[in-house]
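Any read-out appearing in this document is the output of simple, stated calculations on the displayed coordinates, not a laboratory observation. Computed from a prediction, not measured in an experiment: that's the story for all the values here. Note that we place each Cβ from the backbone using ideal geometry, even for glycine, and neighbour counts take in every protein chain shown.
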Amino acid sequence: MERQKRVAAIHDISCFGKCSLTVALPLLSAAGLETCCIPTAVLSTHTGGFSGYTYRDLTEDILPVAHHWNSLGLTFDAVYTGFLGSEEQTEIIEQVTREIATESTLIMVDPVMGDDGVLYPVFSDTFPAAMRKLCARAHVIVPNMTEAFLLLDEPYHHGPYTEAEISRILDGLTTICPGKIVLTGVHFDEKSLGAATFDPETGAKEFVLRDRVDGFYHGTGDVYAATLLAALMHGFTLHDAAGIAADYTVLSITTTKAMDKDLRYGVNFEYNLPTLMRMLGRNEG
Ligand code: PXL
């Protein structure tokens, strides 16, 4: 049997609303990966559309977890970071990667900061600059359009975008992250939506577009990023992994749309997990 790959997911736990760790862990497990986690904060719900949520910042707990793992000699095939509980955590996560990542560890940073041109309310205006530094240590970053503009310190605009603009944004992001880039929320018209990828190894800029499903479905960025990582861990190329992530995200959205439920409650990514396993080639037996 092949060696099982081990991933450390570093995100918040939103106890209700399906995003961050409650999405990443089950998706990565379904992909056959050993999943470990460092929670960055605990919230009663995510911040997207709920009011009155609880918020416990776990900044102080992060490094002790990494020290302990280090003392146990644990190694990781990937470290995957998402929503961070405080600005200080961006530096702490850099230290964590120094402790638990080896030369062969893939560091994937989803620079979770905002949506629809708006910084999430828990972050201050200085957060994007701090996130920029963390992206410099990543082998893969997965910003959405809002996060890309924040990282580039440029004013957001809604799209549709042109190929030339997306290409320019990818070029800008290469000055922030030396690794692979998967830019989500890319669209050239109102009918489609997808991602643009840049692979510094080949220099290729490619697009992965799918039919747009109307509506704002919460947590889809996390479904996309976790599935992307799962596919990369299974050896798919960046472009193919971006395609699998797009297909699985669309599937989760269309399943949710058919259920007609409160969109703040997250997408039904669970229903199609057997399909994800097949997409990743885990359908034998
Ligand atoms: O899905 C990104 C995310 C993660 N964690 C928290 C959030 C959000 C988006 O709103 O609020 C707490």
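General observations
- Note on Lys205 and Tyr55: the model spin-label points, each 7 Å out from Cα along the C-beta direction, lie 3.6 nm apart.
- Counting every other Cβ atom within 10 Å of each residue's Cβ, His218, His187, His11 order from fewest to most as His187, His218, His11.
- Gyration tensor verdict on the range 130-285 (Cα atoms; rounded if a/c is under 1.5, prolate if a/b is larger than b/c, oblate otherwise): oblate
- Derived scalar couplings ³J(HN,Hα) [the range 174-185; Karplus, 6.51 cos²θ - 1.76 cosθ + 1.60; whole Hz; x for Gly, Pro]: 5, 7, 9, 10, x, x, 7, 10, 10, 9, 9, x
- Global form of the chain, assessed from the alpha-carbon gyration tensor, a/c cut-off 1.5: rounded
- Residue order for Tyr217, Tyr53, fewest other beta carbons within 10 angstrom first, comes to Tyr53, Tyr217.
- Whole-Hz Karplus values for the range 22-29 come out as 6, 9, 5, 5, x, 5, 5, 5 Hz, taken residue by residue from phi with 6.51 cos²θ - 1.76 cosθ + 1.60 and θ = phi - 60°; glycine and proline positions read x.
- Largest GNM mean-square fluctuation among Gly17, Gly82, Gly52, using the chain with Cα springs under 10 Å: Gly52.
- Mean residue ellipticity (222 nm) of the chain, computed from DSSP H runs ≥ 4 via -39,500 (n - 2.57), nearest 500: -12000 deg cm²/dmol
- Shape category assigned to the range 75-213 from the gyration tensor of Cα positions, a/c cut at 1.5: oblate
- Counted by neighbouring Cβ atoms within 10 Å, the residues Thr97, Thr249 run from fewest to most as Thr97, Thr249.
- Among Ala136, Ala24, Ala242, the residue with the largest mean-square fluctuation in a Gaussian network model of the chain, with springs joining Cα atoms closer than 10 Å, is Ala136.
- Each residue of the range 71-79 was assigned a 3J(HN,Hα) from its phi angle through the Karplus curve 6.51 cos²θ - 1.76 cosθ + 1.60 (θ = phi - 60°); the sequence is 5, 8, x, 6, 10, 10, 7, 8, 10 Hz, with glycine and proline shown as x.
- Highest GNM mean-square fluctuation among Glu147, Glu103, Glu87, for the chain modelled with Cα contacts below 10 Å: Glu103.
- The residues neighbouring Pro178, those whose beta-carbon lies less than 14 Å from its own, together hold a net charge of +1 under the Lys/Arg +1, Asp/Glu -1 convention.
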